[in-house]
Amino acid sequence: MVTRLSVFDIYKIGVGPSSSHTLGPWRAALDFLTVLDRAGSPVQSIGVQLFGSLSKTGLGHGTDIAVMLGLQGYDPVTILTQQIPTIIDRVRTERQLQLHGTAVPFDYRNDLVFQPTTHPGHPNTLTFTGLLADGQLIIQTYYSLGGGFIEREGEEVTEEVVYPFIHDVSSGEKMIRLSHASKKTVTRLLYENERCIYSSQEIHNRIEAIFQVMLNCVYRGCHTEGVLPGGLNVNRRAAHLSRKLLAGKSYPDRKSWLEAIRRTARDFSNVNQWISCFALAVNEENAALGRVVTSPTNGASGVIPAVLLYHYLFGNFGEDDLLRFFLSSGQIGALFKQGATISAAVGGCQAEVGVSSAMAAAGLTEVLGGSTRQVLQAAEIAMEHHLGLTCDPIGGLVQVPCIERNAMGAMKAITAANLALAGNAAHAVVKFDEVVATMWETAQHMHSKFKETAEGGLAVHVSVALPEC
């Protein structure tokens with residue numbers, strides 16, 4: 001039995017703006033709700049404490065909102081995102097949570113506490129306290145590990161999930177050796193692993209669902225204007241850019257819009273602008289609590305759709321390309337998570353946009369016919385040029401520099417794929433496994449103020465006056 005993360009552990013459907021600060025705490029709240037349910041006694045009160053990075057940038061990342069939604073049983077995959085403001089306003093005005101239809105007192109300003117101190121267990125830590133009618137006091141602490149992954153404090157839980165996979169692809173070197181020995185592509189190896197837990201139809205359905213969420217997100221982002229929430233007064237740009245690039249062409253729906261884009265010019269400037277437009281659209285939606293796909297995180301969710309749509313609309317898109325792209329890119333994300341980190345609070349933005357760019361580079365190289373060595377080299381090149389990238393969100397919001405950074409990550413991914421395909425990967429000086437180890441070492445030595453705390457970089461050098469919550 002081989003231990004590895006499934007591709008579908010990396011790609012999760014959820015709500016923005018952050019996988020570690022929104023989706024992770026949301027899932028922790030849902031888990032705590034099950035803990036309370038098992039206790040078998042009515043809940044009298046609930047308290048929440050947010051520590052470290054969750055406290056310092058929690059308001060900007062919607063951590064408080066996520067917790068309140070999770071405790072009331074809302075699912076980030078299915079919740080109607082347009083209803084979120086109404087649900088949260090009700091909690092704040094009525095000062096109560098609805099737990100399975102029962103009102104539980106909850107004063108937002110007193111029962112949800114932002115603790116600026118860093119918990120010794122993890123930079124992203126939150127603790128729930130539940131007082132029950134029979135006198136039980138239930139306390140549970142969670143770590144939000146990035147990418148929507150969570151872990152309960154004190155449990156013997158690893159970041160990996162045990163699946164009965166038949167191929168050991170737990171490192172780049174193992175993937176190369178196995179591919180060479182078996183004469184199988186990256187996609188074939190990973191597909192055979194996924195088939196150990198899912199049927200062919202389930203794999204197809206999951207990938208199609210992920211792709212559709214990405215398409216919907218891009219489409220919404222390219223058709224929504226206005227100012228993003230949070231107080232930075234950041235104007236949405238994707239809709240204006242889409243309209244400009246289509247030069248007034250009309251279309252009745254998403255399908256027609258995509259066809260209109262296909263018919264636009266294929267010159268470098270036009271294609272480049274569309275790639276940026278797709279990335280901006282996703283991350284503007286993410287910043288507005290829209291539905292996105294963690295790729296591998298919410299803050300980096302625009303890179304993969306931008307690169308995938310570049311190939312889908314301007315390349316020679318093949319019948320199996322979605323499968324090939326998502327399996328190969330997802331595996332790269334899994335290797336970075338297992339060998340380093342995908343949490344900006346632990347490793348800075350190299351762990352988010354850097355990893356996403358490496359994933360996208362690998363996926364693009366695979367669908368363009370690259371060898372296993374070239375797929376891994378493309379991922380290595382993309383990450384190599386993100387090493388040391390800090391996370392310094394202004395105002396603790398996933399807006400500046402985060403939104404534009406996704407567009408830059410997408411362009412780096414495409415460049416990395418082209419470089420890998422143009423050369424002999426066997427002659428590469430830097431190996432994929434080496435860049436994973438280097439990223440992890442860099443993460444460990446990076447100063448904490450550059451790790452999603454909004455205490456360094458642009459976050460302190462750009463003066464903004466945010467409204468009080």
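Values quoted throughout were computed directly from the atomic coordinates according to the rules given, and no laboratory measurement underlies them. Here the structure is a predicted model, which is why all the values come from computation and not from measurement. Using ideal geometry, Cβ is built from the backbone for each residue, glycine included, and neighbour counts are taken over all protein chains shown.
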Convex hull per residue volume in Å³, alpha carbons only, for segment 17-152: 100
Debye intensity ratio in log₁₀ form over the Cα atoms of segment 338-395, taken at each q of 0.19, 0.22 Å⁻¹: -0.64, -0.78
Exposed GluC sites (Glu not before Pro) absent - longest run of the chain, DSSP non-H/G/I/E/B, at most 10 other C-beta within 10 Å: 157-318
Within segment 355-380, backbone nitrogen closer than 20 Å to the virtual label 7 Å beyond the Cα of Ala426 toward Cβ: 366, 369-380
In segment 228-277, the trypsin sites (Lys or Arg not before Pro) that fall in loop regions by DSSP, at most 11 other Cβ within 10 Å: Arg263, Arg266
Pair Ala247, Asp37: separation of 7 Å Cα→Cβ label points (nm): 5.6
Exposure proxy ranking, count of Cβ atoms within 10 Å, fewest first, for Lys183, Lys56: Lys183, Lys56
Neighbour-count ranking [beta-carbon atoms within 10 angstrom, fewest first] of Ile79, Ile275: Ile79, Ile275
Separation in nanometres of the label points that stand 7 Å from Cα toward Cβ, at Ser45 and Phe114: 2.3
Kyte-Doolittle mean at least -0.5 and Cα axial length at least 24 Å: DSSP H helices in the chain: 200-221, 268-287, 321-339, 402-422
Theoretical ellipticity at 222 nm over the chain - DSSP helices of four or more residues, -39500 (n - 2.57) apiece, nearest 500: -15000 deg cm²/dmol
Rotationally averaged projected area of segment 105-148 (alpha carbon convex hull; nm²): 4.3
Label-point separation in nm, Glu173 to Leu80, each point 7 Å along Cα→Cβ: 5.5
Relative exposure of Thr415, Thr22, Thr93, judged by other C-beta atoms within 10 Å (fewest first): Thr93, Thr415, Thr22
For Leu132, net neighbour charge (Lys/Arg +1, Asp/Glu -1) across residues whose Cβ lies under 12 Å away: -1
Relative contact order %, segment 17-152, counting alpha carbon pairs below 8 Å whose residues are six or more apart: 40
Entry for volume of the Cα convex hull per residue in Å³ (calculated from the structure that is shown) out of (1) 148; (2) 184; (3) 133: (1)
The chain - percent relative contact order, Cα under 8 Å, separation 6 or more: 19
Mean-position separation - Cα centroids, segment 1-67 and segment 98-115, in angstrom: 15
